[in-house]
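The values are calculated or read from the model by the stated rules, or taken from the named source; none is laboratory data. What you see is a predicted model; the values in this text were computed from it and never measured. Cβ coordinates were reconstructed from backbone atoms using ideal geometry, including for glycine residues, and neighbour counts include every protein chain displayed.
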Amino acid sequence: MLSIVPFGVAPPAGLAAVGKSMVEAFIATPLYQALVVPQARATMVKTAEANGVPWTEAKEWIEAQGDWEMDEAALAAAEPVDVPEYYRRPFHAYDEGNLCWEAAWEQEVAGRAVGARNFPAYGSEGEDAFRGAFDDALDAMGAHCPPDATLVDFGCATGVSTRRLAERYPQARSIVGLDLSPHFLAVGRRLQALAPGRPPWVNAVDAAPLAGRVEYRRADCAATGLADGSADAVSLSLVIHELPPAATRAVCAEALRVLKPGGQLWVTEMDFESEAYAKLRSNPMLFSLVRSTEPYLDEYADYQPSLPADLVDIGFGPVRLQAATGRHFACVATKPVDAAAPRAVDDRRAETAKEDTHLRTFVQVKSDE
């Protein structure tokens, strides 16, 4: 029988190795999918509702906003894309991953629930604090948007990050959101068309900063079809942990291609070199709950330490990193103006380390005690 080690306490190395081996064997069984994945989803829904995020109500509202099957057929015909095999894996407790309506209808409420877990003191507004922490870290590292800029949001989903870019950078002329899922894009476009004058939604959709500036396109972020040197900045927000390493390298190489000289790649991600995630990963049973709906999370955790050097090898430099939360980092990687200029990694995560405010694994709301 596998011993359960209390959260935050690393098991002995031998026990950790045995425990991981047993968990890996369990993950490969149908029983894991039947028991653990639904439990992970149920925990997310309960966390959302407990923190004032109306998961059920929001999903029912967006589901009622049109003939989604008709949208799906039209999008698939208008924007044909070769979907990579890795993208067809089950994600986030959906058997069809991101290629289904359930995932699209619930994407923004799920994001609210994640924000509530990371910044529980803010309750239903935790996602704003979460994304704001990334914004602050990017700003501190010199992220900038020139006048009349073109910004590209890789892996935009339903457009939360895309809309945020439009609001944060009013000087940008064009903001393009790219995603492989026609379902996500359909919901993003519908939300934008419904604003203003729509019932309350979990994320405010203000039509003013979006009109004539924001568009969504279906594309593989490793082969966008965008022109060389056409973008001033590319945002890659909470996407890489959902990719196998080879796809990450291809996506980052594509970002370098489409950026202008001096343009920037903005990466915001989970940091498995942080103390909190290192402790969580050292407990195989608890970590299995986290990765139960994230098929590439273990690969990402192994790959992440080499990401900055990979960005330099791809052609970026300088590559700057800074802590954003107690479990996440932000990165600004610049496309050199002079290809012969020295390139290096400037990692300031240790000196900018933040308090870990994330809820413990089995906790749903912040305690006042």
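Any chance the stretch 300-309 includes a residue that's within 30 Å of ALA40 (Cα to Cα), part of a strand (DSSP E or B) and either under 16 Å from the mean Cα position of the chain (by Cα) or among the aliphatic types (A, V, I, L, M) (or both)? Scanning the stretch 300-309, I find no residue that is within 30 Å of ALA40 (Cα to Cα), part of a strand (DSSP E or B) and either under 16 Å from the mean Cα position of the chain (by Cα) or among the aliphatic types (A, V, I, L, M) (or both), so the answer is no. Is it the case that ALA116 is out of contact with any Gly (no Cβ under 7 Å at 6 or more places or on another chain) and either more than 23 Å from LEU178 (Cβ to Cβ) or in a helix (DSSP H, G or I) (or both)? Answer is no for this residue. Taking the criterion of being more than 11 Å from the chain's Cα centre (by Cα) and either in a strand (DSSP E or B) or on the phi > 0 side of the Ramachandran plot (or both), the residues of the stretch 231-251 that qualify are ALA231, ASP232, ALA233, VAL234. Within the stretch 278-299, the set of residues being assigned to a helix (DSSP H, G or I) and among the β-branched types (Val, Ile, Thr) comprises just one member, VAL290. Taking every residue in the stretch 195-217 that is within 14 Å of ARG168 (Cα to Cα) and modelled with pLDDT of 90 or more and pairing it with any residue that is of a type in the set (D, E, K, R) and in a loop (DSSP other than H, G, I, E, B), at least 6 positions away or on another chain, the pairs with Cβ-Cβ distances below 9 Å are ARG213/ARG173. Screening ALA227 with (1) more than 23 Å from PRO80 (Cβ to Cβ); (2) in contact with a helix residue (DSSP H, G or I) (Cβ under 9 Å, 6 or more places away or on another chain) gives one miss only, at (1).
Among the residues of the stretch 180-189, is there at least one that is under 20 Å from GLY111 (Cα atoms), without any contact (Cβ under 8 Å) to a residue 40 or more places away in the chain and either in contact with a Pro (Cβ under 6 Å, 6 or more places away or on another chain) or not in a loop (DSSP other than H, G, I, E, B) (or both)? Scanning the stretch 180-189, I find at least one residue that is under 20 Å from GLY111 (Cα atoms), without any contact (Cβ under 8 Å) to a residue 40 or more places away in the chain and either in contact with a Pro (Cβ under 6 Å, 6 or more places away or on another chain) or not in a loop (DSSP other than H, G, I, E, B) (or both), so the answer is yes.
Residues are listed down the side, and each one gets a yes or a no for (1) in contact with a Ser or Thr (Cβ under 8 Å, 6 or more places away or on another chain); (2) among the hydroxyl-bearing types (Ser, Thr, Tyr); (3) at pLDDT 95 or above; (4) crowded, with 17+ Cβ neighbours inside 10 Å:
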| position | (1), (2), (3), (4) |
| --- | --- |
| LYS260 | yes, no, yes, yes |
| ASP271 | no, no, yes, yes |
| ASN283 | no, no, no, yes |
| PRO308 | no, no, yes, yes |
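Among the conditions (1) farther than 25 Å from HIS328 by Cβ; (2) free of Cβ contacts under 8 Å to residues at least 60 places away in the same chain; (3) part of a helix (DSSP H, G or I), PRO80 misses just one, which is (3).
Would you say ASP220 is surrounded by 17 or more Cβ atoms within 10 Å (Cβ to Cβ) and either among the basic types (Lys, Arg) or touching a helix residue (DSSP H, G or I) at 6+ places or on another chain (Cβ under 8 Å) (or both)? Considered against the rule, which asks whether it is surrounded by 17 or more Cβ atoms within 10 Å (Cβ to Cβ) and either among the basic types (Lys, Arg) or touching a helix residue (DSSP H, G or I) at 6+ places or on another chain (Cβ under 8 Å) (or both), ASP220 comes out as no. Is it the case that the stretch 234-242 has a residue that's under 20 Å from THR162 (Cβ atoms), hydroxyl-bearing (Ser, Thr, Tyr), out of contact with any His (no Cβ under 9 Å at 6 or more places or on another chain) and surrounded by 21 or more Cβ atoms within 10 Å (Cβ to Cβ)? Taking every residue of the stretch 234-242 in turn, at least one turns out to be under 20 Å from THR162 (Cβ atoms), hydroxyl-bearing (Ser, Thr, Tyr), out of contact with any His (no Cβ under 9 Å at 6 or more places or on another chain) and surrounded by 21 or more Cβ atoms within 10 Å (Cβ to Cβ). Report the residue count in the stretch 83-109 for those that are free of Cβ contacts under 8 Å to residues at least 12 places away in the same chain and in contact with a Gly (Cβ under 7 Å, 6 or more places away or on another chain). The total comes to 1. Could you tell me whether the stretch 273-294 includes any residue that is among the hydrophobic types (A, V, I, L, M, F, W, C) and under 26 Å from HIS144 (Cβ atoms)? Within the stretch 273-294, not a single residue is among the hydrophobic types (A, V, I, L, M, F, W, C) and under 26 Å from HIS144 (Cβ atoms).
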